[in-house]
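The values are calculated or read from the model by the stated rules, or taken from the named source; none is laboratory data. Not measured: the values here are computed from a predicted model. Every residue, glycine as well, gets a Cβ built from its backbone with ideal geometry; the counts of neighbours run over all protein chains shown.
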Protein chains: 2
Amino acid sequence: MVAIAHRLFQEPHKLFSLGTFADALGAAKSTVSEDIAALRQVCERLQLGRVETLAGAAGGVRYTPLCTATQMRELAEDLAARLRDPARILPGGFLYTTDLLSLPTLVGRLGAAFATFFADRRPDVVLSMEVKGIPLALMTARAFNVPLVTIRRGGRVTEGPSVTVNYVSGSSRTVQSMTLPLRAVPPGARALFIDDFLRGGGTARGVYDLMRECQAEVVGVGVLIEAAQPREKLVDGYVSVLVFEGVDEREGTVRIKPSRWTLGHTAEAVGR
Amino acid sequence: MVAIAHRLFQEPHKLFSLGTFADALGAAKSTVSEDIAALRQVCERLQLGRVETLAGAAGGVRYTPLCTATQMRELAEDLAARLRDPARILPGGFLYTTDLLSLPTLVGRLGAAFATFFADRRPDVVLSMEVKGIPLALMTARAFNVPLVTIRRGGRVTEGPSVTVNYVSGSSRTVQSMTLPLRAVPPGARALFIDDFLRGGGTARGVYDLMRECQAEVVGVGVLIEAAQPREKLVDGYVSVLVFEGVDEREGTVRIKPSRWTLGHTAEAVGR
């Protein structure tokens with residue numbers, strides 16, 4: 001059972017046939033089947049995620065990391081508390097978040113949180129924008145068992161034919177460009193965009209344009225932190241973990257709080 | 001036992017006290033202890049990695065993902081075979097590798113491979129150079145349960161005081177710069193640098209310089225692919241997974257093979 005759990009936990013969302021385990025372990029399919037049933041119960045009882053069995057020729061078993069509502073709220077509250085540290089205030093009212101975005105365990109949990117938010121969207125790829133959002137997007141891609149695709153700023157890509165769109169940064173009002181190798185996203189793909197920060201939504205808007213050029217579809221936008229201002233964003237239907245209301249540089253206070261999705265979260269209610 | 005395995009597998013290299021599991025599961029410490037012993041045996045027998053128990057007040061149990069020599073060789077051979085696809089040849093004799101570096105499962109396995117290579121180095125941080133090497137470095141950091149630190153090209157960092165060094169790209173002979181927020185790497189830290197490609201070793205050389213400025217130590221350099229040419233590198237003691245000998249653009253052939261570390265690998269012999 002541990003061997004099966006190891007495979008399932010290491011490769012989330014991948015569908016394994018019972019035969020895979022029977023062969024690898026030299027066990028009867030019926031034994032494997034019993035082990036999986038027991039594993040499903042344990043995961044359910046201890047809230048470790050979901051073990052699903054699919055019947056039929058194309059069937060098998062797969063594991064999906066899931067956050068419960070409680071885990072989600074605790075994760076957001078813990079993160080908000082850490083981000084309130086005045087030492088994080090950077091000149092210009094920015095917040096130092098890079099260290100947290102680089103802790104593998106923490107981004108692993110956040111990846112599971114995004115996988116829970118977007119469980120019903122069945123993305124084929126997870127998109128990230130270089131540089132800071134990459135770890136978060138990779139762990140989300142891992143939870144969905146789909147490739148990560150990293151969009152590059154500017155047109156500096158030396159990876160064959162590429163597609164570039166311009167976008168207006170919602171906060172600075174400057175025109176910038178983002179580029180993707182043409183072969184990175186196949187036509188018809190369902191793309192989930194994950195980023196560390198959303199202020200005006202200009203970058204996310206650009207991602208929609210970029211996906212249209214690739215004949216792909218954006219099925220969701222998830223960000224770790226959204227800025228409370230401006231209230232009007234260039235995209236809607238996104239999901240955030242935290243809401244950043246600003247800093248007081250003189251008093252050394254950081255105003256940041258869990259988002260409504262992490263507080264009253266249900267998988268069904270997300271982004272609707 | 002599954003609950004314990006889940007925690008250990010999800011957070012590799014983290015030391016858990018037996019009390020943690022006893023409390024979380026409402027079980028006696030003796031039961032937890034028996035489960036861990038059984039888990040250790042299963043992981044050993046099925047080569048799923050190492051479960052270690054440390055005695056004493058600061059003791060506990062931790063899981064380390066490890067590649068066996070066979071798994072390492074198969075991983076390198078599989079990867080080399082995929083990279084020999086002529087469709088990967090880019091103008092200028094480069095190779096398209098971005099898609100493989102973005103597959104969570106594959107980079108997860110490579111992270112475990114690097115964790116095996118450098119098992120005795122006990123890094124405090126894993127360093128990566130933006131952009132392509134980030135997923136590989138993150139999964140290595142995950143295997144060691146240490147933070148990832150991403151070095152930025154150029155001086156575009158807006159994350160507080162930073163340290164910048166210049167380096168000469170070993171292949172193009174141009175002077176470039178790399179930057180790190182000063183707070184990212186504490187003095188005395190043991191840093192493992194993981195990157196996707198090493199040609200002349202100029203970037204790795206720069207990382208040594210950067211760590212000296214941070215009063216930190218480079219305890220290892222691991223790359224996915226090293227170029228066979230130039231033979232003389234600016235650093236030594238690095239470890240690679242694959243050796244790239246070049247492409248024939250007219251014939252459409254890619255010459256790439258597993259490195260000696262993946263073929264005759266023993267954890268003790270690496271990088272000495």
**Item:** Filter pass, residue A:232 being surrounded by fewer than 18 Cβ atoms within 10 Å (Cβ to Cβ), free of Cβ contacts under 8 Å to residues at least 60 places away in the same chain and either away from chain B (no Cβ under 14 Å) or assigned to a loop (DSSP other than H, G, I, E, B) (or both)
**Value:** yes
**Prompt:** Looking at this structure, is residue B:53 touching a Lys or Arg at 6+ places or on another chain (Cβ under 8 Å), more than 12 Å from chain A (Cβ to nearest Cβ) and more than 25 Å from residue B:257 (Cβ to Cβ)?
**Reply:** yes
**Asked** If you check every pair at least six apart or on different chains, which have Cβ atoms under 8 Å apart with a residue in region A:197-212 that is part of a helix (DSSP H, G or I) first and a residue that is among the aromatic types (Phe, Trp, Tyr) second?
**Response** A:202/A:167; A:203/A:167; A:204/A:193; A:204/A:238; A:205/A:167; A:206/A:167; A:207/A:193; A:209/A:167
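For (1) part of a helix (DSSP H, G or I); (2) farther than 18 Å from residue A:223 by Cα; (3) in contact with a helix residue (DSSP H, G or I) (Cβ under 6 Å, 6 or more places away or on another chain), each residue gets a yes or a no:
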| site | (1), (2), (3) |
| --- | --- |
| A:128 | no, no, yes |
| A:131 | no, no, no |
| A:142 | yes, no, yes |
| A:165 | no, yes, yes |
| A:183 | yes, yes, no |
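Of all residues in region A:86-143, count the ones that are of a type in the set (Asp, Glu) and more than 8 Å from chain B (Cβ to nearest Cβ). It would help to see each step written out before you state the result.
Residues of region A:86-143 of a type in the set (Asp, Glu): A:99, A:120, A:124, A:130.
Now restrict to residues that are more than 8 Å from chain B (Cβ to nearest Cβ): A:120, A:124.
Residues flagged as of a type in the set (Asp, Glu) and more than 8 Å from chain B (Cβ to nearest Cβ) within region A:86-143 amount to 2.
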**Message:** Given the criteria among the small types (Gly, Ala, Ser), under 18 Å from residue B:98 (Cα atoms) and surrounded by fewer than 21 Cβ atoms within 10 Å (Cβ to Cβ), does residue A:169 qualify?
**Reply:** no
**Residue tally, condition at the interface with chain A (Cβ under 8 Å from one of its Cβ atoms) and either under 15 Å from residue A:39 (Cα atoms) or in contact (Cβ under 8 Å) with a residue 40 or more places away in the chain (or both), over region B:1-26** = 8
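Name the one entry in A:165, A:149 that is at the interface with chain B (Cβ under 9 Å from one of its Cβ atoms) and either more than 15 Å from residue A:66 (Cβ to Cβ) or in contact with an Asp or Glu (Cβ under 6 Å, 6 or more places away or on another chain) (or both).
Values: A:165 fails: at the interface with chain B (Cβ under 9 Å from one of its Cβ atoms).
From the options A:165, A:149, the qualifying one is A:149.
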**Complete:** So, first residue crowded, with 24+ Cβ neighbours inside 10 Å in region A:109-120, second residue assigned to a helix (DSSP H, G or I) and among the polar types (S, T, N, Q), Cβ within less than 7 Å, six or more apart or across chains; the pairs are A:111/A:140; A:114/A:140; A:115/A:140
**Request:** Answer yes or no as to whether residue B:130 is in contact (Cβ under 8 Å) with a residue 24 or more places away in the chain, on the phi < 0 side of the Ramachandran plot and of a type in the set (Asp, Glu).
**Result:** no
**Message:** Condition first: crowded, with 19+ Cβ neighbours inside 10 Å and either of a type in the set (A, V, I, L, M, F, W, C) or under 18 Å from residue B:63 (Cβ atoms) (or both). Now tell me which residues in region A:19-43 satisfy that.
**Reply:** A:21, A:32, A:36, A:39, A:43
**Request:** For residues that are more than 23 Å from residue A:12 (Cα to Cα) and among the aliphatic types (A, V, I, L, M), tally how many sit in region A:55-99.
**Result:** 8
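Going by the structure shown, is residue B:177 of a type outside the set (Asp, Glu), out of contact with any strand residue (DSSP E or B) (no Cβ under 9 Å at 6 or more places or on another chain), at pLDDT below 95 and not in a helix (DSSP H, G or I)? Outline the logic, then answer.
Numbers: of a type outside the set (Asp, Glu): yes; out of contact with any strand residue (DSSP E or B) (no Cβ under 9 Å at 6 or more places or on another chain): no; at pLDDT below 95: yes; not in a helix (DSSP H, G or I): yes.
Against the criterion (of a type outside the set (Asp, Glu), out of contact with any strand residue (DSSP E or B) (no Cβ under 9 Å at 6 or more places or on another chain), at pLDDT below 95 and not in a helix (DSSP H, G or I)), residue B:177 does not qualify.
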